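Right, one structure below, let's go through it.
The values are calculated or read from the model by the stated rules, or taken from the named source; none is laboratory data. Values in this document were obtained by computation on a predicted structure and should not be read as measured data. Here the Cβ is made from the backbone with ideal geometry for all residues, glycine too, and neighbour counts use every protein chain on show. Ligands, DNA and RNA are stripped out before the accessible areas are found, and what is left, the full protein with its side chains, is counted by its heavy atoms. Shrake-Rupley method; radii C 1.70, N 1.55, O 1.52, S 1.80 Å.
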Amino acid sequence: MNALRAFAAAAALAAAHAADAAEPWRVVPGISSIAFDYRMNGAPAEGRFIEMSGEGVFDPTDPGATRFELRIPVRGLDLGNPLFSAFAQSAEWFDATHWPEVVYRLARLQPRGDGMWEALGDIAVKGRLVILRTPVTLAFDGPEARARGALVFDPGAVGLGQGPSALFVRLDPEVTVTFDLVARPAAVPEAANSGDMP
């Protein structure tokens with residue numbers, strides 16, 4: 001845990017220095033998406049988060065200096081059925097009452113060639129911190145930047161599905177999260193939404 005705290009502190013310090021050279025950017029919620037595929041009791045299922053916000057510093061000429069924080073309200077969890085969605089927000093799962101947000105912090109982007117990057121960051125769910133390395137593609141169109149990628153996540157690592165309900169609701173240990181995030185400079189009005197990026 002000390003190593004995780006040190007990582008988070010280093011990321012915050014790096015963000016402060018990067019802010020001097022990079023421009024503040026914000027995620028555009030209406031055209032960004034976070035979805036996931038999972039197996040519950042052996043059957044395939046899917047869900048999404050319909051709310052999110054994010055901001056940080058970004059320099060299109062030096063994407064490696066990017067620092068970003070993405071906040072995802074648990075109340076925006078949508079499993080396609082209101083009863084399922086409410087159940088997933090209960091104490092044994094996301095515990096929305098005590099932990100109303102999932103928070104992802106990007107510490108840095110590392111180039112991997114052919115338009116690919118590796119995002120090094122951490123995600124906090126129910127107060128538990130997990131360090132992630134995620135392959136990402138970046139695309140630019142006018143005032144917008146788009147980050148797309150996917151990662152495999154173990155829900156048990158952050159305490160999801162632990163308790164009596166796990167006796168009758170079982171998740172496979174691999175949940176695939178896909179994201180498509182569009183961001184633009186904070187100075188650009190939100191109405192300037194091109195929505196045309198492929």
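Hey, among 187, 192, which residue is out of contact with any strand residue (DSSP E or B) (no Cβ under 6 Å at 6 or more places or on another chain), under 23 Å from residue 51 (Cα atoms), among the hydrophobic types (A, V, I, L, M, F, W, C) and at pLDDT below 80?
192
I'd like the residue in region 128-156 that is outside any strand (DSSP E or B) and open to solvent by 50 Å² or more (accessible area, probe 1.4 Å) and, out of all such residues, is modelled with the highest pLDDT.
154
Take residue 9 and tell me if it is over 25 Å from residue 150 (Cβ atoms), touching a His at 6+ places or on another chain (Cβ under 8 Å) and either at pLDDT below 95 or in a loop (DSSP other than H, G, I, E, B) (or both).
Details: over 25 Å from residue 150 (Cβ atoms): yes; touching a His at 6+ places or on another chain (Cβ under 8 Å): no; either at pLDDT below 95 or in a loop (DSSP other than H, G, I, E, B) (or both): yes.
Spelling it out, it is not the case that residue 9 is over 25 Å from residue 150 (Cβ atoms), touching a His at 6+ places or on another chain (Cβ under 8 Å) and either at pLDDT below 95 or in a loop (DSSP other than H, G, I, E, B) (or both).
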